[in-house]
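The values are calculated or read from the model by the stated rules, or taken from the named source; none is laboratory data. These numbers come from a predicted model, not from an experiment. Note that we place each Cβ from the backbone using ideal geometry, even for glycine, and neighbour counts take in every protein chain shown.
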Amino acid sequence: MSKELAVASGFSEHRCILLPVDQHIVEIVSDSGEGAQTCGQMFGALCAKSGFGVWTVEIIPAEIEPPARSRAGASGNRIRIGSQPVTNAGDCADLVVAFNEQVVYSRIDAGALRAGTLLFLDNCWASDPDPSIRSMYAEAVEDFLRRGYEVSEIPVQEQCRQYTEDPRRGKNMWVLGMLCALYDLDMDLVRRELAQRFARKGDAVIQKNLALLEGGHNWTVKQVERRFHVPARKPAQPMVVMNGNQALGLGIMAAGIELCSMYPITPATSASHFLASVFEQVGGFVHQAEDEIAAIGFAIGASYAGKTAVTITSGPGLALKTEFLGLAVMAEIPLVVVVVQRGGPSTGLPTKIEQGDLLASLYGSPGDSPKIVLAPATIEECFHFMVLARKLAEEFRGPVIVLSDANLATGQQPFPRPSPSLSWLAPPVDQNDWNPDVPPFAWDPKTGLSKRPVPGQKGGEYVLTGLAHDEHSHVAYESAINQRAMEMRSRKLAVLRSALRPPAVHGDAEGDLLVVGWGSTLGAIEEAVDRLRAEGWRVSSLHLRFLSPLEPGLPEIFARFRRVMTVEINYSDTPGQPYIEEGSRRYAQLATLLRAQTLVDVDCWSRVPGSPLPPGAIVEALRPRLEAITRNREVESCTA
Amino acid sequence: MYGLNLDWEIEPGPRTCTLEDYKGAEARWCPGCGDHAVLNAVHRLARDERWPTERTVVVSGIGCSSRFPHYMSTYGFHGLHGRALPVACGIRSRRPDLDVIVITGDGDCCAIGTAHWIHAIRYNMNLTVLLLDNNIYGLTKSQTSPTTRFGEKSNTHPKGSFFASLNPISVTLGIPNASFVAQTIDWNPPHLYATIKAAHRHQGTSFVRILQRCPHFTPHVFAPAQQDLNQVLLMTHAEGIQLEEPARKLFPNCVEHDPRDLAAARRLADREDVYPVGLFYRKEGALRYDEHTATGIDFTPQQKLDALNRILDRFRI
Ligand SMILES: Cc1ncc(C[n+]2csc(CCOP(=O)(O)OP(=O)(O)O)c2C)c(N)n1
Ligand SMILES: [Mg+2]
């Protein structure tokens, strides 16, 4: 991919080799608390501002305060940059900067390195007073070389001592300077960004960090020969860069939602943190409730009273909210519920990605509780889907669940700056008199849709109830009324589906294999499909945003492929394992849904690594299936 | 607000003012159930104070008592078992113009909804909370509730309850920021009426435990106190619940109690020989969460849009 070229660089007195690359994967890893995450986030933002395509993923330690120099403590960031928009975290890292050798092992365990990965390692451990640390370090370096990494031991700590007494707290800025040199970023931009980032901490802090930054930059210019040149593309329209939880928060504001009622849970909480820091500027309020049940109850109360509300949670919180979700369906209360999924079941993998809450969202409430379920596939969609969800909740008078995940939540990606409009905002509460002849559930017999009176509207007084009820919201146990009310609530989903367009197919509209995905796997699946297509395989993909109702046209699209399968980050049984046969095999969640809804024999490949699926892994999973399909096709054509 | 608008007091305009105007569906509680008495008191108070039906919201959980909103002609929210308070707080949070009344039972409030009870008291939003305490789960047919007395038999504990009962007043008095805590009995309409009226006037969360007879499952529990008002202790004070002299005379036992005295309130609440009725505690000016939750409700769409654009620009590349 990268052709080596020796070119004279801007730093003319220092010889350097400029390597043009059209994409590169960088990782910065440290013990937690050493600031590799800040460094990575800033580097990601700087790359975006430099016009590169960017996707970042946080490397999150498994524990809050892990011991120093431990594998469990690895903390940092992966930044994939490219000359084109980047849609996923990619496969193995091209360049890793590590603050100690142990955290590298955690990345090796995660499959993040390959032979040839350029590894910059702080060499301070080589002269550590503790002989056991010295020998661990020396052994690791040898091991890294054996594994084929290109190891470069660099004096991060030693250099940082020139600028600060506590180098542990300054290394990250020095490394940022180093990366800026390696990728030839505009240092004026970097200085401005740094000053802005630390503005609130005062001038002394800014100066200290600037010194570290320049130190890292100058050292690299002098001591490292290699530079990587990613051709930047200045985008035509104004762009923004943020993570998925910030996008959710901004989307909430753009939708005119004025109350966020939540209970803290990773990885959803940071959306509320962001909202809490800015919400009052748009007149909104974040309520931290005593638990998730109270959080959704509070939001439902506000919504009943005509105000737009959102509740944000993750899987365990969704479980607690199910009874109220059922009430919102039964009593037709508009509500946006954001679920930033993490690994389950139970407390599971709190900080890690999984797509395990699809079926819980669809079917988690007891009784028949049809509700709308959406899944944004990109950070940009995290923003826009909030506006969509709010409108759907009101139009279809019920809860809308928006399924994000830990990958979108913490990943950063640039996208065109949205231009919010007044029409996106929730309309003010209607306080005009209500025509008392119109009941509170005046279901349109064809669509099931109805308008609701809101407290304050004279003539609209009614008692909302979670009991079975008729159009007047009067408790009704008669079988005919119950049947009809169920029909009306269910019909709304069919009505929404009738307004949706069939999803677009990525790749040819027909072929051997169609891969179906949902949520944050979009970029990785499409990249995998593109690589396989480049190899000549007849494979395409399709990504669903509406999971309930399902987007229309699926059976027709599926019919144009020999096989259909989903790729998901959730659990499914692997055929061939003990006891696992066709009758006992449990499918991945979207596959289960598609099989039930389309009667197509949809297969699946799903994994629960706690990290995004790399495109390379998807390629390896799909290739044998494509080979098998092709073999069958040839057999069929011979016998025909 | 709250029908206490002086204009209406002076000149009753077109506002409704008969009991019929506040009656909803016909109440389906058992004959002799104390819930009827509470409903009557609320109907009368609504009429007397001319509550605007469209700005009044009666929120309840699930239980016999929680059927209450259906018997009102105001807005109502008959939601989930134990969860009336979060809903009520949510309603109040962005609609300070609405008058929110909460009806809850002893199972609803003191068992499944305990967390919300404790925190709603802390929030001290402007709510009137009526706990209809019959010492039993009525709707589900006689199971032990947290307020069921020790040794009392129920369908789940046929040999008698294992625990000392929970005293909702003592618990509430132990919660920081409690601002109005009172107790009354369903079988003395003047006191019931006066207590609910004072609770409703209070700015903040007023918590009223109403000892409520359940003729079906626990007729023996309050019967002695009903027959012999000696078992009831009337708390009197200029700052407390005011009764007309004839009504007051019915109570042979009285004690002067200053509702600003929290320590004395706690001592009275813990008494087991009598049922103290009246106002245990009132704190004016306690912190009110709804004053914070409502910030920004007056923003115009244009203001919101301008602010949003400013925030978005911080993410500009
Ligand atoms: C989640 C849930 N659990 C249990 C029930 C069943 N349930 C309904 S009312 C009730 C107890 C009601 O007792 P209380 O709150 O004292 O009200 P009362 O009927 O005595 O007025 C129970 C257990 C329910 N409706 N929902
Ligand atoms: Mg009860």
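Observations, loosely collected:
- When residue A:286 is tested against (1) surrounded by fewer than 24 Cβ atoms within 10 Å (Cβ to Cβ); (2) at the interface with another protein chain (Cβ under 10 Å from one of its Cβ atoms); (3) more than 13 Å from residue B:93 (Cα to Cα), only condition (3) is not met.
- Given (1) under 30 Å from residue B:299 (Cβ atoms); (2) among the basic types (Lys, Arg); (3) within 13 Å of ligand 1 (Cβ to nearest atom), index of the condition residue B:67 fails: (1)
- Any chance residue B:97 is within 10 Å of chain A (Cβ to nearest Cβ) and either within 16 Å of ligand 2 (Cβ to nearest atom) or part of a loop (DSSP other than H, G, I, E, B) (or both): yes
- No other residue among A:467, A:449, A:500 is part of a loop (DSSP other than H, G, I, E, B) and within 14 Å of chain B (Cβ to nearest Cβ) apart from A:467.
- Residue B:84, sole failed condition from (1) away from ligand 2 (no atom under 16 Å from the Cβ); (2) among the small types (Gly, Ala, Ser); (3) within 16 Å of residue A:463 (Cα to Cα): (1)
- In this structure, residue A:300 does satisfy being within 13 Å of chain B (Cβ to nearest Cβ), touching a helix residue (DSSP H, G or I) at 6+ places or on another chain (Cβ under 9 Å) and not acidic (Asp, Glu).
- Test: residue in the range B:21-33 that is more than 16 Å from ligand 1 (Cβ to nearest atom), surrounded by fewer than 24 Cβ atoms within 10 Å (Cβ to Cβ) and in a helix (DSSP H, G or I): yes
- For the range B:112-150, residues that are more than 15 Å from ligand 2 (Cβ to nearest atom), within 22 Å of residue B:91 (Cβ to Cβ) and assigned to a loop (DSSP other than H, G, I, E, B) total 3.
- Test: residue in the range A:121-139 that is in contact with a strand residue (DSSP E or B) (Cβ under 7 Å, 6 or more places away or on another chain), crowded, with 23+ Cβ neighbours inside 10 Å and modelled with pLDDT of 95 or more: yes
- Single residue of the range B:53-68 satisfying the filter (within 11 Å of ligand 2 (Cβ to nearest atom) and small (Gly, Ala, Ser)) that is nearest to residue B:38 (Cα to Cα): B:65
- Within the range B:119-151, tally of residues that are farther than 20 Å from residue B:211 by Cα and either within 11 Å of another protein chain (Cβ to nearest Cβ) or within 16 Å of ligand 1 (Cβ to nearest atom) (or both): 5
Rundown of residues vs (1) modelled with pLDDT of 95 or more; (2) within 16 Å of ligand 2 (Cβ to nearest atom); (3) within 22 Å of residue B:32 (Cα to Cα), yes/no style:
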residue	(1), (2), (3)
B:152	yes, yes, yes
B:157	yes, yes, no
B:162	yes, no, no
B:168	yes, yes, no
B:178	yes, no, no
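- Scope the range B:54-88; condition part of a helix (DSSP H, G or I) and either at pLDDT below 95 or more than 7 Å from every other protein chain (Cβ to nearest Cβ) (or both); matching residues: B:65, B:66, B:67, B:68, B:71, B:84, B:85
- Here the range A:407-431 is the region considered, the condition is being part of a loop (DSSP other than H, G, I, E, B) and more than 11 Å from chain B (Cβ to nearest Cβ), and the residue that is surrounded by the most Cβ atoms within 10 Å (Cβ to Cβ) is A:411.
- Any hit, the range B:103-111, residues being buried (at least 24 other Cβ atoms within 10 Å of the Cβ), part of a loop (DSSP other than H, G, I, E, B) and more than 8 Å from ligand 1 (Cβ to nearest atom): no
- In the range A:199-224, the residues that are within 17 Å of residue A:178 (Cα to Cα) reach residues that are hydroxyl-bearing (Ser, Thr, Tyr) and buried (at least 18 other Cβ atoms within 10 Å of the Cβ) with C-beta atoms within less than 6 angstrom, at least six apart or across chains, in these pairs: A:211/A:163; A:212/A:163; A:215/A:163.
- Selection count, the range A:303-334, where residues are of a type in the set (Gly, Ala, Ser), farther than 17 Å from residue A:490 by Cβ and at the interface with another protein chain (Cβ under 10 Å from one of its Cβ atoms): 4
- Reported count of residues in the range A:308-328, each being surrounded by 23 or more Cβ atoms within 10 Å (Cβ to Cβ) and of a type outside the set (A, V, I, L, M), is 8.
- Per the conditions (1) in a strand (DSSP E or B); (2) surrounded by fewer than 22 Cβ atoms within 10 Å (Cβ to Cβ); (3) not assigned by TED's automatic domain parsing to the domain that holds residue A:624, the sole criterion not satisfied by residue A:494 is (1).
- Residue match in the range B:30-52 (condition: more than 8 Å from every other protein chain (Cβ to nearest Cβ), within 16 Å of ligand 2 (Cβ to nearest atom) and free of Cβ contacts under 8 Å to residues at least 24 places away in the same chain): yes
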